[in-house]
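Values in this text are rule-based calculations from the coordinates and carry no lab data. Just so we're clear, the structure is a prediction, and the values are computed from it rather than from any experiment. Counting neighbours? That spans all protein chains shown, and the Cβs are built from the backbone with ideal geometry, glycine included.
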Amino acid sequence: DVKVTQSSRYLVKRTGEKVFLECVQDMDHENMFWYRQDPGLGLRLIYFSYDVKMKEKGDIPEGYSVSREKKERFSLILESASTNQTSMYLCASSTAGAGTEQFFGPGTRLTVL
Amino acid sequence: AQTVTQSQPEMSVQEAETVTLSCTYDTSESDYYLFWYKQPPSRQMILVIRQEAYKQQNATENRFSVNFQKAAKSFSLKISDSQLGDAAMYFCAYRGSTSGTYKYIFGTGTRLKVLA
C-alpha cells in the first residue's frame, strides 16, 4: 500500500514563526503536492513538484515555499506564519501521467495564534 | 482555465437508499480525467472512482457509479445502497491530459450525511 505521512497532525504556532511541514511518501512517486483545505473553498494547490529539486507554483503560493531534496520528501515552509494561514494542509503524491490517482496524507491542522 | 463546481454543499440520504452527488466542470480540452475522492471524518482522502473522458462507458466501482455527460460537462456520482460508512466529504476533481499539466482541479466538496 502507498503510504503518505505528514510530520504532525496538529500544530500550533505564533505569528511570525517559521513553520516547516514535512511530507514523506514510500512509493517512489514522481509527483508531490501541497494543498490547503478550507471550508467552502475545497482544496487549493499551493505548490507541486514533479521531480527532485523541481517545483511549480500552484494557485496560492504567496507566503509559502517548498523544498524537495529527495524524491520521497516534500517540505512546505511558511516563512513567517500569519493568522490567515490557519488551515488544514494536505500532502499528496502520484506517479507521472495524467490519469493517475493521488494518494493523500492524513493532513496537518495548523493554527497560527 | 478549468473549473470544477459542486453546487451541493451538503446532502443527506437514508441508509440503504440511493443518492446522487453533482459535479460540473468547464474545460476547453478534449481529453482529460475526472475523479471522485472521499474524505471520511478525521481520515485520509481516498479515491472512489475515476473516469477517462475519451471512454463512453460510465465507470463503476461496486456501489459507486458515475453519470458522465461529456457534452454537458457533467460528472455525477451515484451511491447505491448507502451505508453509514459512506458519510464523508466528497470532492470532484479534474485533470487535463495535456503534457505539462500537472494540476488537479478540485471542487468545493459535498458533505454527505447518512441517516440510520
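Of the cross-linked pairs A:K57/B:K103; A:K53/B:K103; A:K3/A:K57; B:K55/B:K78; A:K55/B:K103; A:K3/A:K70, those separated by over 20 Å at the C-alpha level are A:K3/A:K57. The overall shape of chain A is prolate: from the C-alpha gyration tensor, with semi-axes ordered a ≥ b ≥ c, the ratio a/c is 1.5 or greater and a/b exceeds b/c. Listed from fewest to most Cβ neighbours within 10 Å, the set B:R43, B:R50 follows the order B:R43, B:R50.
Each label point was placed 7 Å from the Cα along the Cα-to-Cβ direction; for B:T5 and B:T98 their separation is 2.1 nm. Counts of other chain beta carbons within 10 angstrom of each beta carbon in peptide B:37-48 average 4.
Inter-label distance, B:D31 to B:S80: 3.2 nm, where each label sits 7 Å from its Cα along the C-beta direction.
Summarising the strand pairing of chain A, around 90 percent of its internal DSSP beta bridges are antiparallel.
Shape class of the range B:1-112 from the Cα gyration tensor (axes a ≥ b ≥ c, square roots of the eigenvalues): prolate, since a/c reaches 1.5 or more and a/b is larger than b/c. A cut-off under 13 angstrom between Cβ atoms defines the neighbours of B:T27, and their net charge, with Lys, Arg +1 and Asp, Glu -1, is +1. Averaging the Cα positions of each part gives two centres, and for the range A:1-51 and the range B:54-108 these lie 23 Å apart. Cβ-Cβ distance of B:R111 and A:T15, R₀ of 41 Å, FRET efficiency by 1/(1 + (r/R0)^6): the value works out to about 0.85.
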